[in-house]
Amino acid sequence: MSFLKKQRKFIEYKMDKNNKTVIILGSSRSDGNTRKVVDRVISYNNEIDLIDLGNYDISYFDYEYKNQGDDFQKIAKKLLTYDQIIFATPVYWFSMSAPLKTFFDRFSDLLHLHKEMGRKLRGKTMGMISSSSGNNINDYFRSPFIESAKYLGMNYIGDMHSWLIDDKIPDEVDQIIKKFASKLGKAEKIVTIN
């Protein structure tokens, strides 16, 4: 494990049990552009916890549930302690990242095998942070998040799209991030911000 990954794990596990919002980072690069955006969100609202899926072993969904020895249940149990769950992903080929899609697919475990855990998601709120190389997100990208929230009985509070230029967050995007971060943890609905 690299020093960077060890450091990220330390930050991740330094969670305050009173925090009500968690960001689930699903990216193929734990230190990529989406992480930069997530770090900026947290810098504006330090009452947010972070779970980086890159630090865990999560197997694909399996109808025979042979994958129960991986880390999915551990993360799912932790999610149940939060009121607000925000998923962060880069835009890969017009869709969420493969690590986040694998995680989403595993929600099926909570609907069939671990129903009590799945029922505890009802009433919680879900949102989404996306990042790409430009301001070019569309409603098709948002749809899996919105529909998954509905299906799980969660309230979709909105989303934020961000982009970096030369690996830097432009001032325009920084203002979008600041506005989004200020609303996290509050009961009010966040409108789509981009």
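The values are calculated or read from the model by the stated rules, or taken from the named source; none is laboratory data. Worth saying up front: this structure is predicted, and the values here are computed from it rather than measured. Every residue, glycine as well, gets a Cβ built from its backbone with ideal geometry; the counts of neighbours run over all protein chains shown.
Descriptive notes on the structure:
- Taking the stretch 129-176 as the range and being on the phi > 0 side of the Ramachandran plot and outside any loop (DSSP other than H, G, I, E, B) as the test, only 158 passes.
- Leading residue by the ranking (nearest to residue 32 (Cα to Cα)) among those in the stretch 139-179 that are without any contact (Cβ under 8 Å) to a residue 12 or more places away in the chain and of a type in the set (S, T, N, Q): 175
- Contact map, the stretch 120-131: residues that are of a type in the set (Lys, Arg) paired with residues that are surrounded by fewer than 23 Cβ atoms within 10 Å (Cβ to Cβ) and not in a strand (DSSP E or B), Cβ distance under 8 Å, separation 6+ or inter-chain. Pairs shown: 120/80; 122/152; 122/153; 122/154; 124/82; 124/83; 124/154.
- Flag if residue 19 is more than 20 Å from residue 173 (Cα to Cα) and at pLDDT below 90: yes
- Top-ranked residue in the stretch 70-105 [being among the basic types (Lys, Arg) and over 14 Å from the mean Cα position of the chain (by Cα); ranked as surrounded by the most Cβ atoms within 10 Å (Cβ to Cβ)]: 77
- Residue in the stretch 177-192 that is modelled with pLDDT under 95, more than 28 Å from residue 102 (Cα to Cα) and either part of a strand (DSSP E or B) or touching a His at 6+ places or on another chain (Cβ under 8 Å) (or both) present: no
- Single match in 143, 148, 132 (criterion: surrounded by 13 or more Cβ atoms within 10 Å (Cβ to Cβ), more than 23 Å from residue 31 (Cα to Cα) and among the small types (Gly, Ala, Ser)): 148
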